[in-house]
Amino acid sequence: MIHFVGAGPGAPDLITVRGQRLLAQADVVIYAGSLVNPELLGSCKPSCEVYDSAGMTLEEVVAVMHSSEAAGRDCVRLHTGDPSLYGAIREQMDALDELGISYEIVPGVSSFLAAAAALGVEYTVPQVSQSVIVTRMEGRTPVPEGERLRALAAHGATMVLFLSAGLLDAAQEELLLGGYAPETPCAIVYRASWPDEAVYRCTLATLAECAREHGVHKTALVVVGEVLGSHAERSLLYHPGFSHGYRTASEPAKGA
Ligand code: SAH
């Protein structure tokens, strides 16, 4: 059994209890060394074999998984944040399917959630935005035509850009062409939850300049949207005039 485990965004105590337990039991760990905090490996057994996948190919990673399985050893594949987002786990699972090796996925705290915590924001504020678009600027990895930033920008929703910190001139232009106003609040969150975490706030008009000014070109997320501004309507969920399965309204709700 191979366990794909989400390591969380960086702080070692932001891994899940289940992920931590699996790491402590593992005979073999393959971790994404470019972003996973190596402190997490401190909980591994002394006998645990540890591989940094940063310098490995998919074939090499799968070969380690294969030999670990053949030897009846427990293998953890440790991915940054949550494995389902830009984790390249699909190709690993396909290879494991072909080899008849079973696997499971243990979710993790994605960096875009740690970024919301660092910013002190709610991504879904009533009357402002009720959707979060998680996407990226096209780089060496192509993005399907219908998902170009320009097209997604038309929704005006909260948007989080992964893997785009080095492409912000182009991202800014696309987002403006797509329909966000130049004064839309933006934030760059560098290394969310790490000791050197940094938050830079700006507007869409100054996004690329802000990243340049602070020397940010990787390991950062960009958050775009009015939820970063001060405008906020209260939610219906806790409104005294709103009935739901757990509570009956005590006064008429306005706009419910
Ligand atoms: N699966 C991961 C994302 C992997 S892609 C997750 O769920 O977070 C790698 C990209 O994620 C980086 O280029 C950066 O955009 C973002 N990222 C990962 N960790 C980060 C962190 N602690 N702070 C800010 N951005 C981070």
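For a 4.7 Å threshold on C-beta separation, the list of partnerless cysteines in the chain reads Cys75, Cys186.
Helix-only estimate, please: 222 nm mean residue ellipticity of the chain, summing -39500 (n - 2.57) across DSSP H runs of length 4 or more and dividing by its residues, to the nearest 500. Intermediate values should be presented prior to the final figure.
Numbers: 7 runs with 64 residues, N = 256.
Value at 222 nm, helices only, nearest 500: -7000 deg cm²/dmol.
Dimensions of segment 2-106 based on its C-alpha atoms, expressed as ranges along the principal axes with the largest first, amount to 35, 30, 25 Å.
Convex hull volume of the Cα atoms in segment 1-50, per residue, in Å³?
Numbers: hull volume 3.5 nm³, N = 50.
Per-residue hull volume (Cα only) is 70 Å³.
In segment 111-228, the portion of solvent-accessible area held by carbon and sulfur atoms comes to 50 percent [1.4 Å probe, whole percent, DNA, RNA and ligands not counted].
Our compactness index for segment 20-71, the C-alpha radius of gyration over the empirical 2.2 N^0.38 Å, is 1.11. Checking every one of the GluC sites (Glu not before Pro) in segment 125-186 against DSSP loop status and a limit of 12 other Cβ atoms within 10 Å picks out Glu183.
Ligands, DNA and RNA are left out, and with a 1.4 angstrom probe the accessible area of the chain is 51 Å² per residue.
Relative intensity of the chain on a log10 scale, I(q)/I(0) at q = 0.16 Å⁻¹, equals -1.13, per a Debye sum over C-alpha point scatterers of equal strength in the absence of solvent. Pairs of C-alpha atoms in segment 160-220 farther apart than 15 Å represent 44 percent of all such pairs.
Show me the three semi-axes of the equivalent ellipsoid for segment 46-93, from the C-alpha gyration tensor (sqrt of 5 times each eigenvalue), largest first, rounded to whole Å. Mind dumping the intermediate values first?
Details: eigenvalues 71, 32, 24 Å².
The answer is 19, 13, 11 Å, longest axis first.
Across q = 0.10, 0.15, 0.20 Å⁻¹, segment 111-228 modelled as identical point scatterers on its alpha-carbon atoms has Debye log10 I(q)/I(0) values of -0.25, -0.58, -1.07, in the order of the q list.
The values are calculated or read from the model by the stated rules, or taken from the named source; none is laboratory data. These figures come from a predicted structure and were not determined experimentally. Neighbour counts are summed over all protein chains in view; Cβ atoms, including those assigned to glycine, are modelled from backbone coordinates with ideal geometry. Side chains included, ligands, DNA and RNA excluded: accessible areas come from the protein's heavy atoms. Shrake-Rupley method; radii C 1.70, N 1.55, O 1.52, S 1.80 Å.
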